[in-house]
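**Student:** The structure's right below; bear with me while I get my questions together.
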Amino acid sequence: MATMESLIGLVNRIQRACTVLGDYGGEGMSLWEALPSVAVVGGQSSGKSSVLESVVGRDFLPRGSGIVTRRPLVLQLHKIDGGSDYAEFLHAPRKKFTDFASVRKEIADETDRITGKSKQISNVPIHLSIYSPNVVNLTLIDLPGLTKVAVEGQPESIVEDIENMVRSYVEKPNSIILAISPANQDIATSDAIKLAREVDPSGERTFGVLTKLDLMDKGTNALDVLEGRSYRLQHPWVGIVNRSQADINKNVDMIAARRKEREYFETSPEYGHLSSKMGAEYLAKLLSKHLETVIRQRIPSIIALINKTIDELNAELDRIGRPIAVDSGAQLYTILELCRAFDRVFKEHLDGGRPGGDRIYGVFDHQLPAALKKLPFDRHLSMKNVQKVVSEADGYQPHLIAPEQGYRRLIDGSISYFKGPAEATVDAVHFVLKELVRKSIAATEELKRFPTLQSDIAAAANEALERFRDESRRTVQRLVDMESSYLTVEFFRKLHLEPEKNTNTNPNQPGPNADRYNDNHFRRIGSNVSAYIGMVCDTLRNSIPKAVVYCQVREAKRCLLNNFYAQVGRREKERLGAMLDEDPQLMERRTTIAKRLELYKSARDEIDSVAWK
């Protein structure tokens, strides 16, 4: 079975690694929070700092009146084999502190860096690791002292703010509460015990510490508390004798202070029978032993959390993409695979698997017919314009039977109007296709990590769409021109025979040889041309969409990136690497995930090997 020191030391190392990687808190329970730690809680001037310094064996905490601890201090103690004591801060990872007066100053300076030289508080923790052969492996969190009133320079909300901050640490189920209360005050008024009772009513997580035993009035003692008669906890109360202010002023070192504390309890007539279970050294060992028990109990849930997080991190890496190989063959393969992924998404948009392709049908079914209806045929085929065109077409000699040149000019002029809606249809579909390219690039998860390749694919796709649009525009123009170049003669032959059949139905009507220059004559020419243009309109309403689909949509589905593939295949390794230049934020995100993944896998393996060997 693993030793207590090795298991708790492992937990400390894992928590340290978590803080370095920023895996500290956040949504859900982090690995840091899943691993037990000791939250030190007490009112102002309750002796919290002295208890911590006694446990550490070093004088390293800022002192003063009022609120001295204004940010949480996450203190990790690491037992080492021999050597000198030293400290490291997370915010100064490459600096080793061997002078603990400098540690005190650094804590004060780092506090001021966030809160300013004021009496404000901040919930941003300071992370400090101390390495020493004179400590036990522990993680302690020193929290601001609970207070009842705001003093000058503090907001009125300071009392509630401190309590909320302390509560956020002690209410976590894996937090062990070290409730500090001074012996020279009534335990019923202890802020630490009151808060601990609220968040841990069963007392399973609470350790009571009674400080300042040597400062009690003569003739009184704290045996009722220490022996659990005044307020009973599941864990035994521990008494502490802090250094006196005179000892602090004389810089009496903590080792000597520990010795004086042992002597106090061993020679005390009131507490002598409890001396083996009193003092800072005993408290540290008691907490360490309890931590080891809690850790062993939590191992299944910790491993379950680690496995769950590993799965989530692997899924996240799969989503944002694994690192790319450096050889040109692998890079080319990756680029082509990414292009094919984009192409699949683009085709899904066109074919209805994703929204957007239906807008092309909307162009054909709504926009084109609406544009055709708005063409100015009424004005062009008005009786006045028909008379003008027919007369001009006859020149100096009027037509003999039918104004064929007039008909042709009227038809040519009418058909030319179709070029506008035909080209507008081409442009509308081009716009839809460009928008689908943009959407497809955004929707292709694999491409999100490569902004340069996104731009290259977008440029190549849009360049291809421009070519398809030019060809489509030429094709629809040809369709319109074909309607002008060869007219359907049978249509007019039928029209010519219809009046002959009705010539004698009304004897008052003029015959076919009557004056052809009256209003009815021009009105009938306009009507005939209008009927023919209607037939042409029906034809173009069907043939223009066919041409557009054939030249633009079909080609976009079939060979949108063909030219791009050919260009990529000829590129050198350096240019291929440039195309796979990733978003720096995404690269940083992948690096962070990879480091966290390595941490969690290592933690799982180490916990397994240390806990069960």
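**Student:** Using only the Cα atoms, work out Rg/Rh for the range 150-205, with Rh taken as the Kirkwood radius, to two decimals. All intermediate terms of the calculation are to be shown ahead of the outcome.
**Tutor:** Details: Rg = 12.8 Å, Rh = 12.6 Å.
Dividing the radius of gyration by the Kirkwood radius yields 1.02.
**Student:** Of 317, 274, 69, which is farthest on the positive side of the dipole of the chain, counting Cα position, with +1 on Lys and Arg Cβ, -1 on Asp and Glu Cβ, and the Cα centre as origin?
**Tutor:** Among 317, 274, 69, the one farthest towards the positive end of the dipole of the chain is 317.
**Student:** Of 79/172; 148/289; 448/595; 347/546; 373/419; 212/285, which pairs sit farther than 23 Å apart, going by alpha carbon to alpha carbon? Intermediate values should be presented prior to the final figure.
**Tutor:** Values: 79/172 26 Å; 148/289 34 Å; 448/595 21 Å; 347/546 19 Å; 373/419 14 Å; 212/285 20 Å.
Going by Cα-Cα distance, 79/172; 148/289 fall outside the 23 Å limit.
**Student:** Rg (Å, one decimal) plus Dmax (Å, integer) for the alpha carbons of the range 130-272?
**Tutor:** Cα radius of gyration and Dmax of the range 130-272 are 16.8, 47 Å respectively.
**Student:** Right, here's the next one. From the phi of every residue in the range 174-185, what ³J(HN,Hα) in whole Hz does the Karplus formula 6.51 cos²θ - 1.76 cosθ + 1.60 yield, where θ is phi - 60° and glycine or proline is x?
**Tutor:** 9, 8, 8, 9, 9, 8, 9, 9, x, 5, 8, 10
**Student:** On the accessible surface of the chain, probed at 1.4 Å, how many percent belong to carbon and sulfur atoms? Each step should come with its number before you reach the end.
**Tutor:** On the way: 15460 of 30810 Å².
Reported share for carbon and sulfur atoms: 50 percent.
**Student:** Once Lys and Arg get +1 and Asp and Glu get -1 on their Cβ, which of 443, 349, 257 lies farthest toward the positive end of the dipole of the chain?
**Tutor:** Of the options given, the answer is 349.
**Student:** For the pair residue 558/residue 474, report the inter-label distance in nm, with labels modelled 7 Å from Cα in the Cβ direction.
**Tutor:** 1.6
**Student:** Farthest toward the dipole's positive end in the range 520-600, which of 561, 586, 534, given Cβ charges of +1 (Lys, Arg) and -1 (Asp, Glu) about the Cα centre?
**Tutor:** Projecting each Cα onto the dipole axis, the largest value belongs to 534.
**Student:** Now, a different point. Ignoring ligands, DNA and RNA, how do 409, 524, 167, 541 rank by accessible area with a 1.4 Å probe, largest first?
**Tutor:** Working: 409 125, 524 100, 167 55, 541 80 Å².
Highest to lowest solvent-accessible surface, that is 409, 524, 541, 167.
**Student:** Could you compute the FRET efficiency for residue 253 and residue 276, with r as their C-beta to C-beta distance and R0 at 22 Å, rounded to 0.05?
**Tutor:** Values: r = 24 Å, r/R0 = 1.08.
Step by step, r from the Cβ atoms, then E = 0.40.
**Student:** Measure off 7 Å from each Cα along the Cα-to-Cβ vector at residue 336 and residue 245, then give the distance between these two points in nanometres to one decimal.
**Tutor:** With each label placed 7 Å out from Cα toward Cβ, I get 8.2 nm.
**Student:** Let me ask something else about it. Which whole-number percent gives the relative contact order of the chain, counting Cα pairs below 8 Å spaced six or more residues apart?
**Tutor:** Values: 813 pairs, mean separation 93.4, N = 613.
Reported as a whole number, the value is 15 percent.
**Student:** Let me know the Rg and Dmax you get for the range 277-387 when you use only its Cα atoms, in Å.
**Tutor:** 35.2, 122
**Student:** Please report, largest first and rounded to whole Å, the three semi-axes of the ellipsoid equivalent to the range 307-362, where each semi-axis is the square root of five times an eigenvalue of the C-alpha gyration tensor. Can you show the working numbers first?
**Tutor:** Numbers: eigenvalues 191, 81, 6 Å².
With the √(5λ) rule applied to the range 307-362, the semi-axes are 31, 20, 5 Å.
**Student:** Could you grab the relative contact order for the range 335-444? Cα pairs under 8 Å, six or more apart, rounded to a whole percent.
**Tutor:** Numbers: 67 pairs, mean separation 43.0, N = 110.
It rounds to 39 percent for the range 335-444.
**Student:** Only four residue types carry charge here, +1 at the Cβ of Lys and Arg and -1 at the Cβ of Asp and Glu. Report the dipole size of the chain about the Cα centre in Debye, rounded to the nearest 20. Let's see the in-between values first.
**Tutor:** Details: 85 positive and 83 negative charges, 202 e Å.
I would put it at about 980 debye.
The values are calculated or read from the model by the stated rules, or taken from the named source; none is laboratory data. As the structure is a prediction and not an experimental result, all values here were calculated from the model. A quick note on method: Cβ atoms are made from the backbone with ideal geometry, for glycine too, and the neighbour counts reach across all protein chains shown. Just so you know, the surface numbers come from the protein's heavy atoms only, side chains and all, with ligands and any DNA or RNA stripped out. Shrake-Rupley method; radii C 1.70, N 1.55, O 1.52, S 1.80 Å.
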